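Following: one structure in structure tokens, then a few remarks.
The values are calculated or read from the model by the stated rules, or taken from the named source; none is laboratory data. Predicted model, so just to flag it, every value in this text is computed and none were measured. Here the Cβ positions follow ideal geometry from the backbone for every residue, glycine too, while neighbour counts run over all protein chains shown.
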Amino acid sequence: MEPAIEARGLVKRFRQYRRGRDIALETLFGGRRHAEFTALDGVDLEVARGEIVGILGRNGAGKSTLLKLLAGTLEPTAGTARVHGRLSAILELGTGFHPDYDGRENALLGAICLGMTRREARARLDSIVAFAELGDFIDQPFRTYSSGMQARLTFATAVAGDPEVLIVDEALSVGDARFQLKCFDRIREMRARGCTVLFVTHSTEQVGALCSRAIILERGRKVADGPPDLVTRAYMKLLFGSEPEAAARPDAGLLEDDARAFGTGAWRVTEHRLLDADGRPAVQLESGRGYELRFRAEGSTDVDDAVVGLLVRTPQGLVAYGRDATTEFPDGFRLRAGVPLEVSLRFTCNLAGGRYFASFGIARRDGTKLDFRHDALELEVVRRRGTYDASVAELDCRIEIDAGGAR
């Protein structure tokens, strides 16, 4: 079976002119009056039908350019980009919508641009309006919409035609949390029907919650491609490492095991232990009980604004809890070269049963990581009877029932 999305040796270069008139001078008289910027450099990509793939990358990495090439709104400088199936793309909020048309008119226009007939578009209009939940604003000009309202109408229109391939460029990061959850639920429904989804995001949580696979772009090249947990870990290393390997060498092995630890190297965590309330090594955790994470670090550089922190995530990459020491030390605390640091993080386990991963480490107040151990501890929390498998928090809920003869 052919893939839903494929790219081979994809290259895109843009001309950059210092002055606007240089374009006319180059056209009329020849000669090179521009510099070239390579946004994509030999990217290969294949996405199977039914996959949801998230693309991570820093600003300027080439993410949006890749999606525009796949959607056909840009032509490649070299290589090929193909999408097999009925495509719907959200590349920029409001693209193709008329600023003076109201929401209903723009929904009809957008549906027709997606390939529907006028009759089909009118038949889908009520469902688009209902999904967008714009209330009375649906009859107001599009130019009066906030970015969140634009996202609502854009997404509702894009998914109305039951696309076989959906491409989304960061539109899911706009709008309120409730509507984002609604969008994610719709994407899951589309995946169940066999739709292929490729989307750009800066959120590792979105990747963990939605994706079967993730990709990192850096300086126009694909530097990581694999399971979401490994790729999001590598992305954290790329963002917070001292001199990220991929910035200097795009072929660096970002998915290697050392992606669990990154930082400037000025300080190093030398040992860590997870203990129960009696000081014994903890293997399994129980909800409601107290535990302690201890770690020791040594360094060769003085630091005046150090902080330590703890982060707990689910296997899907969703953050269950995060805490740092800025409450106790608003301006950070002092580290001295050659003087070991001993850290004790005491907590009550209010997690629901299941598997989690704990990250911890040392940073500066500005966020520069000195030594961060990403997903270094696997936590197994014993599940309490009656709690749902997908639960994260343990709320110690008590249920009372008064129904006559109920027991």
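Worth a mention:
Each row is one residue, and each column tells you yes or no for (1) over 30 Å from Arg313 (Cα atoms); (2) in the same structural domain as Gly42 (by TED's automatic domain parsing); (3) touching a Gly at 6+ places or on another chain (Cβ under 7 Å).
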position: Leu125; (1), (2), (3): yes, no, no
position: Glu133; (1), (2), (3): yes, no, no
position: Arg143; (1), (2), (3): yes, no, no
position: Arg152; (1), (2), (3): no, no, yes
position: Arg193; (1), (2), (3): no, yes, no
position: Gly220; (1), (2), (3): no, yes, yes
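- At least 1 residues being of a type in the set (Val, Ile, Thr) and closer than 25 Å to Ser359 by Cβ is the threshold, and among the helices (runs of 4 or more DSSP H) wholly inside the range 141-238 those reaching it are 204-210.
- Single condition Gly208 does not satisfy, out of (1) under 25 Å from Gly85 (Cα atoms); (2) surrounded by fewer than 23 Cβ atoms within 10 Å (Cβ to Cβ): (1)
- Single match in Val307, Val303, Val339, Val319 (criterion: farther than 19 Å from Leu274 by Cα, of a type outside the set (S, T, N, Q), in contact (Cβ under 8 Å) with a residue 40 or more places away in the chain and surrounded by fewer than 15 Cβ atoms within 10 Å (Cβ to Cβ)): Val319
- The residue of the range 121-139 that is nearest to the chain's Cα centre (by Cα), among those that are farther than 19 Å from Arg186 by Cα and free of Cβ contacts under 8 Å to residues at least 12 places away in the same chain, is Gly135.
- The set of residues in the range 371-393 that are of a type in the set (Gly, Ala, Ser) and more than 19 Å from Gly309 (Cβ to Cβ) comprises Gly386, Ala390, Ser391, Ala393.
- Scope the range 6-42; condition of a type in the set (Phe, Trp, Tyr) and surrounded by fewer than 13 Cβ atoms within 10 Å (Cβ to Cβ); matching residues: Phe29, Phe37
- Remark: Asp375 matches the filter, which requires a residue to be in contact (Cβ under 8 Å) with a residue 24 or more places away in the chain and in a strand (DSSP E or B).
- Look at (1) among the small types (Gly, Ala, Ser); (2) within 21 Å of Asp185 (Cβ to Cβ); (3) surrounded by 17 or more Cβ atoms within 10 Å (Cβ to Cβ) and you find that Ala81 fails only one, number (2).
- Qualifying residue in the range 125-135 (condition: at negative phi, modelled with pLDDT of 90 or more, of a type outside the set (Asp, Glu) and not in a helix (DSSP H, G or I)): yes
- Filter result for Ala363 (among the aliphatic types (A, V, I, L, M), crowded, with 16+ Cβ neighbours inside 10 Å and in the same structural domain as Tyr291 (by TED's automatic domain parsing)): yes
- On inspection, Thr65 qualifies as polar (S, T, N, Q), in contact with a Lys or Arg (Cβ under 9 Å, 6 or more places away or on another chain) and surrounded by 20 or more Cβ atoms within 10 Å (Cβ to Cβ).
- For Glu105, the test of being more than 21 Å from Val168 (Cβ to Cβ) and either acidic (Asp, Glu) or under 27 Å from the mean Cα position of the chain (by Cα) (or both) is passed.
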